[in-house]
1. Want the number for Asp67 to Thr47: 0.36 nm per residue separation, take away the alpha-carbon distance, what's left?
2. Can you pull the one-decimal nm distance between simple spin-label points at Ala34 and Glu87, each 7 Å off the Cα toward Cβ?
3. Among 76-86, 28-38, 57-67, how do they line up by average Cβ neighbours within 10 Å per residue, starting with the highest?
4. Would you mind working out the magnitude of the charge dipole of region 1-67 relative to its Cα centre, with +1 at each Lys and Arg C-beta and -1 at each Asp and Glu C-beta, to the nearest 20 Debye?
5. If you roll a 1.4 Å probe over the heavy atoms of the protein chains, what accessible area per residue do you get for region 12-57, in Å²?
6. Would you list the P(r) distribution for region 15-82, with all Cα-Cα distances sorted into 10 Å bins from 0 and each bin expressed as a whole %?
7. Around Ile55, under 13 Å between beta carbons, what's the net of Lys plus Arg minus Asp minus Glu among the other residues?
Amino acid sequence: MKHIQYDGSTILTSDDIADAVIEYAAALAGGDRADTVAIPAVAQDGTMTTTKILIGPSSEIVIEDADEDELEVENGEFVARLRAAAETFGHSKPIHADTRSDLTPGNDDVKS
């Protein structure tokens, strides 16, 4: 489970959903576009809910691990739909600069 921090609100959802949301946000920003997204989430009382947010080029979204793993929300259709939408921008794959060894200074594989 992960918390999506967005505009002062916290949305509790699954790891896959949170990752898809932030990857879609990156694709939207790269395409200078915006979209509304209805995120499958867990309400404070543990029931399933949907939280709708507007994601655009200037959106500030933070993803944090949550302790509530027993409430894991599964929604493969939502994740697939966001990833397919991201592909429409032609640059849907996130860069993941924090974990790529080919971006390390001094690495011969780095392209200038």
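The values are calculated or read from the model by the stated rules, or taken from the named source; none is laboratory data. Just so it is clear, the structure is predicted and the values come from calculations on it, not from any experiment. Glycine also receives a Cβ, built like all others from the backbone with ideal geometry; neighbour counts cover every protein chain displayed. The protein model used for the area step is the full one, side chains on, heavy atoms only, and it has no ligands, DNA or RNA in it. Shrake-Rupley method; radii C 1.70, N 1.55, O 1.52, S 1.80 Å.
1. 5.6 nm
2. Each label point is offset 7 Å from its Cα along the Cβ direction, giving 2.8 nm.
3. So the peptides 76-86, 28-38, 57-67, ranked by packing, come out 76-86, 28-38, 57-67.
4. Computed about the Cα centre, the dipole is about 260 debye.
5. Here the residues of region 12-57 average 47 Å² of exposed surface.
6. The percentages, shortest bin first, are 19, 53, 24, 4.
7. Charge balance in the 13 Å sphere: -3.
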